[in-house]
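Since every read-out is calculated from the coordinates, none of them should be taken as a lab result. Everything numeric in this text was worked out from a predicted model, so none of it was measured. Glycine gets a Cβ as well: all are built from the backbone with ideal geometry, and neighbour counts include every protein chain shown.
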Amino acid sequence: MSTSTSNAVSADLALTRDYVRDGKVMQIATLAADGEPVVCNLWYASSFDPDRLLFISRPDRVHCRNIRADRRVGGAVLTIELDGLGQEVQGVSFAGTARQVPEDAADDLLPIYHRRWPAGASLANVERWREDADAHRLYEIRVHRWTLFDEINHPDDPRRVIDLGSAA
């Protein structure tokens with residue numbers, strides 16, 4: 001990879017992370033047992049190095065059951081206010097692996113979600129997990145690939161794939 005290409009990827013990654021950081025709701029797709037994709041909308045928080053997305057959900061929801069069976073997920077974050085057809089699009093999609101965060105990792109990850117969404121502290125916390133098997137749990141998506149789609153900053157070639165590799 002040339003220096004200019006490396007610099008371009010770094011700039012695209014920084015822009016992608018900014019868009020993700022500013023987003024509020026993501027769509028994720030999980031795989032049902034029969035291979036059918038299932039899409040849902042979730043409030044999320046993000047952190048980087050490694051790149052990850054965090055959400056809370058009840059363990060009996062279909063997307064959570066699917067994650068327990070097959071950790072592969074894909075998703076998207078739209079980063080613009082919608083005005084109308086023909087509007088230039090800015091958004092991010094991703095591929096990664098998801099898991100329910102175990103209690104021993106919750107102390108590191110729950111604060112990230114709670115800082116973004118303080119009301120989530122009453123829904124998802126270790127004490128509730130111990131009392132109620134059906135309480136909201138924290139889930140983590142480790143992103144291994146971002147795809148930036150930005151018709152404003154890259155009008156001639158808006159689709160930019162950023163492969164983070166298996167370390168993400």
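Could you work out how far apart the two model spin labels at residue 134 and residue 163 are, taking each label as a point 7 Å from the Cα in the direction of the beta carbon, and quote it in nm?
It works out to 4.5 nm between the two label points.
Tell me the mean residue ellipticity at 222 nm calculated for the chain from its helices only (DSSP H runs of n ≥ 4, each -39500 (n - 2.57), averaged over every residue, nearest 500).
Result for the chain: -9000 deg cm²/dmol, rounded to the nearest 500.
If you project the alpha carbons of the chain onto their three principal axes, what span does each projection cover, largest first, in Å?
54, 34, 32
Using the basic label-point model (7 angstrom from Cα toward the beta carbon), what is the residue 153 to residue 83 distance in nanometres?
Taking the simple label geometry, residue 153 and residue 83 are separated by 1.9 nm.
Which residues in the range 63-96 have a backbone N closer than 19 Å to a point placed 7 Å from the Cα of residue 36 along the Cα-to-Cβ line?
Counting only backbone N, you get 63-74.
If we restrict to alpha carbons, what Rg and Dmax does the range 70-168 come to, in Å?
17.4, 54
Using a 10 Å cut-off on Cβ atoms, rank the peptides 73-81, 28-36 from the highest mean neighbour count down.
So the order, starting with the most tightly packed, is 73-81, 28-36.
Counting other beta carbons within 10 Å of each residue's own, what order do 157, 18, 150 fall into, fewest first?
In order of increasing Cβ crowding within 10 Å: 157, 18, 150.
Which residue, 27, 111, 129, has the largest displacement toward the positive end of the dipole of the chain when charges sit on each Cβ (Lys, Arg +1; Asp, Glu -1)?
The residue sitting most towards the positive pole is 129.
Need one word for the range 4-89: rounded, prolate or oblate. Basis is the Cα gyration tensor (sqrt eigenvalues a ≥ b ≥ c); a/c below 1.5 gives rounded, then a/b vs b/c decides.
Prolate, because a/c is 1.5 or more and a/b exceeds b/c.
Comparing 125, 153, 66, which has the greatest mean-square fluctuation in the GNM of the chain with Cα pairs linked when under 10 Å apart?
Of 125, 153, 66, the Gaussian network model singles out 153 as fluctuating most.
Residues with beta-carbon under 13 Å from that of residue 70, excluding residue 70: net charge, scoring Lys, Arg +1 and Asp, Glu -1?
Taking every Cβ under 13 Å from that of residue 70, the sum is +3.
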